[in-house]
Amino acid sequence: MNINHKFGRQRRQAGFTLIELIIALAVMGAAIGGMLYYQSRAEASQKTNDSVTALTTMVSSIKTNYGPSNSYTQVTIANLISGGMAVEPFKVSGATIVDPWNNTILAEGDATKFAFRIGPLTRENCVTLANGLVRNALIVNVGNVTAITSGTLTGGGVYKASPSATPDAAILNGTTGCGIASDATRYVAAVFR
């Protein structure tokens, strides 16, 4: 017979109380949620960086294939697809090329230049993509770029106006550039030669 139990002494329990377990689970849940948030941001950033690399590769392929003829008039989505120039993470979807966010990209050229339009994009992806393309592009517009026609951009804010121009950070982050209020009208377009 246990003497301590007989005289009213309580034995200390081993283990955790229910409240301690709930607090521990809440802390672990918050830590896991934070890790998943930062992992998704890192994956999105990697997707944008991969897009810059793929576009640079596509631009090089276009210059190799069409540059010797001194004309980029044949730069169309159809010709990029038939020439196998769509590079991952861009995908061919029927008669279109889609970006990693499942938006249809535009591409057109004229006698001396060609252009791409990508989007709509989130603000963060817009800034990263514009900064990635600015080194190799003649002109970069950001924001509500409504069209490209024969290698010429229409709309948006001019982030880089000429080959020797310094990119305009005020446009990039301003209300006519990547800072535009709506994700639905936020594009990056670039002209190459």
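The values are calculated or read from the model by the stated rules, or taken from the named source; none is laboratory data. Small disclaimer: the values here were computed from a predicted structure and weren't measured. FYI the Cβ positions are ideal-geometry reconstructions off the backbone, even for glycines, and counts take in every protein chain you see. Heads up: the accessible areas ignore ligands, DNA and RNA and are worked out on the full protein's heavy atoms, side chains in. Shrake-Rupley method; radii C 1.70, N 1.55, O 1.52, S 1.80 Å.
Kindly evaluate ALA169 against the criterion of being open to solvent by 10 Å² or more (accessible area, probe 1.4 Å) and either free of Cβ contacts under 8 Å to residues at least 12 places away in the same chain or not hydroxyl-bearing (Ser, Thr, Tyr) (or both). Write out each step before concluding.
On the way: open to solvent by 10 Å² or more (accessible area, probe 1.4 Å): yes; either free of Cβ contacts under 8 Å to residues at least 12 places away in the same chain or not hydroxyl-bearing (Ser, Thr, Tyr) (or both): yes.
Yes; evaluated as a whole, the condition is true for this residue.
Check ARG135 against each of (1) surrounded by 15 or more Cβ atoms within 10 Å (Cβ to Cβ); (2) among the charged types (D, E, K, R); (3) over 18 Å from SER45 (Cα atoms) and name the one condition it does not meet.
(1)
So if I check each of THR112, THR96, which one is out of contact with any Leu (no Cβ under 7 Å at 6 or more places or on another chain) and surrounded by 15 or more Cβ atoms within 10 Å (Cβ to Cβ)? Can you show your working first?
Details: THR112 fails: surrounded by 15 or more Cβ atoms within 10 Å (Cβ to Cβ).
One residue alone meets the criteria, THR96.
Which of the strands (runs of 3 or more DSSP E) contained wholly in segment 117-193 include at least 1 residues that are more than 19 Å from VAL59 (Cβ to Cβ)? Talk me through it step by step, then tell me what you get.
Numbers: elements: 139-149, 152-160, 187-192.
Per the criteria, 139-149, 152-160.
Go through segment 177-193 and give me each residue that's open to solvent by 10 Å² or more (accessible area, probe 1.4 Å) and of a type in the set (Gly, Ala, Ser).
GLY179, ALA181, SER182, ALA184
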